[in-house]
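The values are calculated or read from the model by the stated rules, or taken from the named source; none is laboratory data. The shown structure was predicted, so the numbers you read here are calculated from the model rather than taken from an experiment. Cβ atoms come from the backbone with ideal geometry, glycine included; neighbour counts cover every protein chain shown. We work out accessible area using only protein heavy atoms, side chains counted, and drop any ligands, DNA or RNA first. Shrake-Rupley method; radii C 1.70, N 1.55, O 1.52, S 1.80 Å.
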Amino acid sequence: MSPAAVAAAALAPARGPARLARAGARLAGVGATALATATRLRRLRHEAGPDARARGRALALQDASREVLALHGIHAAASGAQVPVQSVLVSNHVSWLDPLVIAAHVPCVPVSKADVSAWPLIGTLARNLGVVFVSRGDAGSGAQALRSVRNFPEGTTSDGEGVLPFRPGLFGFALRAGAPIVPVAIRYEPRSLAWTGDDSFLPHYLALASSQGARVSVRFGAPLRPSPGASPRAVADEARARVAALLAET
């Protein structure tokens, strides 16, 4: 059997009862992680100030992300530049796993589309972690999102083979704040982990939960430090070009 065939067999879903047992165990593990994280976050309410609470939430998200990836047999490998503190991370968007992959490597609070807050388990955990939910086209929610450090400016997911145009909204807020912008590229193996179009979350999740595992590579680029007078559109285009270049390197 060729190396490619061996890899494909390792990542294929299990059959019959074994598949159901694996998916059930992982779903139970996600629930346990959510409960433990919620307990940890309740303790953070007694921290002295908002900065300490924000840092604690980011670390809780990092630990929870690592646990969820490990539960599902997802091996994540990171490479590239060091991420500055208080930066805005912008990435290509391939799967609902993307926020977990980045948070597992960088303590941060993510930005997510508003409808994720209604997802079973995932939505509850995200709300408890202080995820900022953004309504598309809502300038007010975009301003609120500036308090976090991670965003997917494509606005939707792709198949992971390329990078869609970046929306300029968040880049304008980042420019006003003078925050460095870090390009990030994510690539999955198998490519079926891409979650695109009208795919429903539950079938996609169950396919992953019943599989034997997966691999993901995340690459961090050198920070962009545009001048305050730069155009948000121009900065968005430059960030997209850098993410595309990083994606080609993974």
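Laid out as a table, the results:
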quantity	calculated
Peptides ranked, highest mean first, by Cβ atoms within 10 Å: ranges 21-32, 167-178, 88-99, 67-78	88-99, 167-178, 67-78, 21-32
Placed amide H near residue 89: partners under 5 Å, 5+ positions off or other chain	150, 151, 182
Per-residue ³J(HN,Hα) for segment 93-99, Karplus 6.51 cos²θ - 1.76 cosθ + 1.60, θ = phi - 60°, Hz, x for Gly and Pro	10, 10, 8, 5, 6, 3, x
Pairwise FRET efficiency - residue 85 versus residue 230, Cβ, R0 = 25 Å, nearest 0.05	0.70
Probe 1.4 Å - accessible area at residue 188, Å² to nearest ten	10
Placed amide H near residue 80: partners under 5 Å, 5+ positions off or other chain	220
Potential extension, residue 27-residue 44 segment - 0.36 nm per residue separation minus Cα distance	3.5 nm
Charge sum, other residues only, whose C-beta stays under 14 Å from residue 43's C-beta, Lys/Arg counted +1 and Asp/Glu -1	+4
Rounded to whole Hz, the Karplus (6.51, -1.76, 1.60) HN-Hα couplings of segment 242-247, x for glycine and proline	5, 5, 4, 5, 5, 4
Exposure rank, largest accessible area first [198, 159; 1.4 Å]	198, 159
Dimensions (Å) - segment 173-250, Cα atoms, principal axes, largest first	50, 26, 17
